[in-house]
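Data block below; observations after.
Bear in mind these aren't lab numbers, they're just calculated from the coordinates by the rules spelled out. Keep in mind that what you see is a predicted model, and the values were worked out from it rather than measured. When we count neighbours, we look across all protein chains shown, and the Cβ atoms used for this are built from the backbone with ideal geometry, even at glycine.
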């Protein structure tokens with residue numbers, strides 16, 4: 001299992017659109033994906049569960065992957081978050 | 001071809017019939033056998049695919065409309081395809097042998113509850129999305145098409161339906177819905193109240209209306225006599241167009257009295273107050289020509305939403321109304337739910353007899369958190385105006401004392417939190433359960449005021465469901481028993497110097513007003529559409545004549561004879 005931290009850049013945090021985008025990418029990963037925030041651990045492939053954590057703009061989350069391709073998967077997900085999860089980010 | 005029904009909202013409509021058959025979720029319950037699991041999973045998959053296709057269709061349709069709508073549909077799609085929800089549903093079907101509907105219902109409800117309890121406003125909204133989605137999914141699972149809307153219609157229509165729920169009537173656009181006909185219902189049901197407030201002619205309780213009145217056909221709704229004509233002849237059309245003009249004239253006539261002071265010819269002032277629900281601008285500006293709000297119904301706050309209204313939302317609303325009415329009393333009725341007003345945000349027991357069941361105040365005693373929230377909001381808002389609060393479905397002095405204990409608790413809590421509230425709030429009750437009328441002399445010492453809800457009082461006194469067209473003939477609003485109760489209450493409350501009003505339909509019924517005044521009633525609260533006519537009657541009435549009428553009526557044994565006497569009086573006054 002590997003983990004990585006990242007700050008969520010999205011202006012409205014991980015609301016339904018970016019949560020959906022994250023889950024979409026996570027589903028393409030063969031690893032199990034969890035997001036850890038505020039002592040809560042949720043299934044990263046379920047937008048509803050991501051939503052329930054209530055991650056806001058600027059919050060730091062930990063992404064955890066475990067599986068055969070865990071390193072590659074983690075990198076993919078970190079990149080996806082960094083690039084804004086399909087949203088336009090205000091610099 | 002003509003059908004008869006109950007005239008519920010006066011007027012005449014001439015137009016085309018549109019069938020309105022909305023779908024409300026009725027999940028198929030019960031369990032399944034082990035052998036049925038595979039088939040049930042297939043049913044679920046089919047339902048989910050159908051729902052997905054509907055959303056895709058919506059997306060491709062709205063290419064040129066607001067991006068807001070697209071975002072919502074997109075979000076719904078994301079939620080629909082959520083793998084956690086999906087796997088939980090599947091496991092309930094295959095592991096716990098649930099029907100797919102029950103599995104969908106349970107899983108979605110769990111998430112809906114969790115979201116609705118979140119502090120973040122955006123996240124709370126997801127509860128509404130999930131509720132919407134759950135309905136769509138259940139509907140698709142049952143293979144039913146989406147319903148028609150009552151808002152954007154290409155041309156004005158006469159809506160014909162089996163029944164209408166408050167969630168349906170809330171969407172009515174009076175510019176396109178020019179008439180309403182339903183198979184269920186009567187003169188006092190929610191549809192009737194909404195139709196009257198929107199000025200839409202309505203005939204309800206028309207058996208098999210959907211069968212007799214074909215979709216797309218021309219019809220005339222005569223909501224004066226309570227008759228609906230299908231495919232009218234040219235002559236019928238001309239005759240009714242004339243009647244329409246005459247009615248419009250009468251309405252314009254009554255409007256002349258709108259801003260007059262309601263005082264009888266011999267100088268007796270009668271308070272004319274307003275019944276309101278979700279207050280529109282017009283209802284707030286009505287403060288200029290009414291003596292206050294005699295009934296502020298608050299049920300709408302709890303309808304069509306997955307979570308009950310919070311304290312802040314209620315404080316804001318009550319404050320707005322109190323400010324609009326200045327020093328004039330605003331009587332807030334605490335939520336009167338159960339009976340014909342089912343809601344999503346509170347789990348109501350399925351009762352065989354909801355009108356005799358756990359509704360209104362009884363429900364509030366159980367749902368104490370929701371009740372206290374409403375009381376807190378009322379008390380916090382009270383500093384902004386002249387607040388009176390009344391409780392529905394009170395049947396005994398026990399009920400009143402129980403409520404008072406809760407009020408005291410809430411007051412203490414507010415005191416501890418240093419939150420101000422008015423010390424002079426008037427606390428009263430609705431008179432709807434006959435027991436209260438019978439022990440009026442005992443009740444009068446326990447309350448600051450009462451308001452008679454004649455709709456329910458009549459139904460309980462005469463043991464006739466006011467929404468069941470089959471027993472419409474037994475629901476007699478002019479029954480001598482009802483009038484005598486009103487007279488008795490009026491005498492007791494006048495003798496004790498406490499305020500009494502009538503807020504049921506009878507208060508705004510032109511025929512009844514003189515007799516009510518003659519019995520001693522000095523405050524009538526009604527829908528905005530009735531104010532003009534009520535004032536016209538009051539301003540042309542002599543108290544002595546009203547008293548004689550009341551005495552005459554008191555001796556008559558049947559509602560029919562009473563109605564006749566009132567008609568004669570009415571005509572002699574024209």
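I'd like to compare B:402-414, B:492-504: which one has the highest average count of other Cβ atoms within 10 Å, and what's the full order after that?
B:492-504, B:402-414
For peptide B:114-121, compute the average count of partner chain beta-carbon atoms within 10 Å of each residue's beta-carbon.
Numbers: counts 3, 3, 0, 0, 3, 1, 5, 0.
Whole-number average of other-chain Cβ neighbours for B:114-121 is 2.
Residues of A:13-26, mean number of Cβ from any other protein chain within 10 Å of their own Cβ, rounded to a whole number?
For this peptide, the per-residue mean of nearby foreign Cβ atoms is 3.
Provide the FRET efficiency to the nearest 0.05 for the residue B:265-residue B:113 pair, computing r from the beta carbons and using R0 = 41 Å.
Plugging the Cβ-Cβ distance into 1/(1 + (r/R0)^6) gives 0.10.
With a ≥ b ≥ c taken as the square roots of the eigenvalues of the C-alpha gyration tensor of chain B, please select rounded if a/c is under 1.5 and otherwise prolate if a/b is larger than b/c or oblate if it is not?
It is oblate, given that a/c is not under 1.5 and a/b is not larger than b/c.
Return the single residue from A:62, A:76, A:28 with maximal mean-square fluctuation; model: Gaussian network over chain A, springs between Cα atoms under 10 Å.
Result for chain A, Cα springs under 10 Å: A:28 fluctuates most.
Measure of size requested: the Rg and Dmax of the protein assembly as shown, with Cα atoms as the atom set and Å as the unit; please supply both.
Cα-based Rg and Dmax for the protein assembly as shown come out at 28.8, 96 Å.
Using only Cα atoms and rounding to the nearest 10 degrees, what angle (0 to 90) does helix A:70-82 make with the longest principal axis of chain A?
Roughly 10 degrees between the two axes.
Name the residue, out of A:29, A:57, A:65, whose mean-square fluctuation peaks in a Gaussian network model built on chain A with Cα pairs under 10 Å.
A:57
What FRET efficiency would be calculated for the residue pair residue A:5, residue A:30, taking the C-beta separation as r and a Förster radius of 25 Å, to the nearest 0.05?
0.65
Between rounded, prolate and oblate, where does segment B:412-489 land on the alpha carbon gyration tensor, with a ≥ b ≥ c its root eigenvalues, rounded for a/c under 1.5, else prolate if a/b exceeds b/c?
Prolate shape, in that a/c is at least 1.5 and a/b is the bigger ratio.
What is the average number of partner chain Cβ atoms found within 10 Å of a Cβ in A:42-49?
5
When every alpha-carbon pair in segment B:313-450 is counted, what percent end up more than 26 Å apart?
25
Roughly what would the spin-label model give for residue A:39 and residue B:16, points 7 Å off Cα along C-beta, in nm?
Going by the 7 Å Cα→Cβ label model, 6.3 nm.
At 0.36 nm per residue, minus the direct Cα-Cα distance, what do residue B:256 and residue B:396 gain on full extension? Give it in nm, one decimal, please.
Using 0.36 nm per residue and subtracting the Cα-Cα distance, I get 46.1 nm.
For the modelled label position 7 Å from the Cα of residue B:122 along Cα-to-Cβ, which residues of segment A:15-58 have backbone nitrogen atoms closer than 11 Å?
A:15-19, A:54-58
Could you give the Stokes-Einstein D for segment B:132-178 in µm² per second, using the C-alpha Kirkwood radius, 37 °C, 0.692 mPa s?
Values: Rh = 12.2 Å.
Here the translational diffusion coefficient equals 270 µm²/s.
Need one word for segment B:202-307: rounded, prolate or oblate. Basis is the Cα gyration tensor (sqrt eigenvalues a ≥ b ≥ c); a/c below 1.5 gives rounded, then a/b vs b/c decides.
Values: a/c = 3.01, a/b = 1.40, b/c = 2.15.
It is oblate, given that a/c is not under 1.5 and a/b is not larger than b/c.
For labels at residue B:406 and residue B:491 in the simple 7 Å Cα→Cβ model, what's the distance in nm?
It is 3.4 nm.
Quick one: helix B:397-416 against the long Cα principal axis of chain B, what's the angle to the nearest 10°, folded into 0 to 90?
Approximately 70 degrees, to the nearest 10.
Name all residues of segment B:1-21 having a backbone nitrogen under 14 Å from the label point set 7 Å from the Cα of residue B:239 along its Cα→Cβ direction, giving them as ranges.
Output list for this probe position: B:1-3.
Cα axis of helix B:528-539 to longest principal axis of chain B: angle in degrees, 0 to 90, nearest 10?
The answer is roughly 0 degrees.
Looking at the protein assembly as shown, what % of its DSSP beta bridges pair antiparallel, to the nearest 5? Intermediate results must be reported in sequence, preceding the final value.
Values: 33 of 73 bridges.
Around 45 percent of the beta bridges assigned by DSSP in the protein assembly as shown are antiparallel ones.
For a label point 7 Å from the Cα of residue B:59 along Cα→C-beta, name the residues of segment B:31-49 whose backbone N is under 20 Å from it.
Zone members listed by number: B:45-49.
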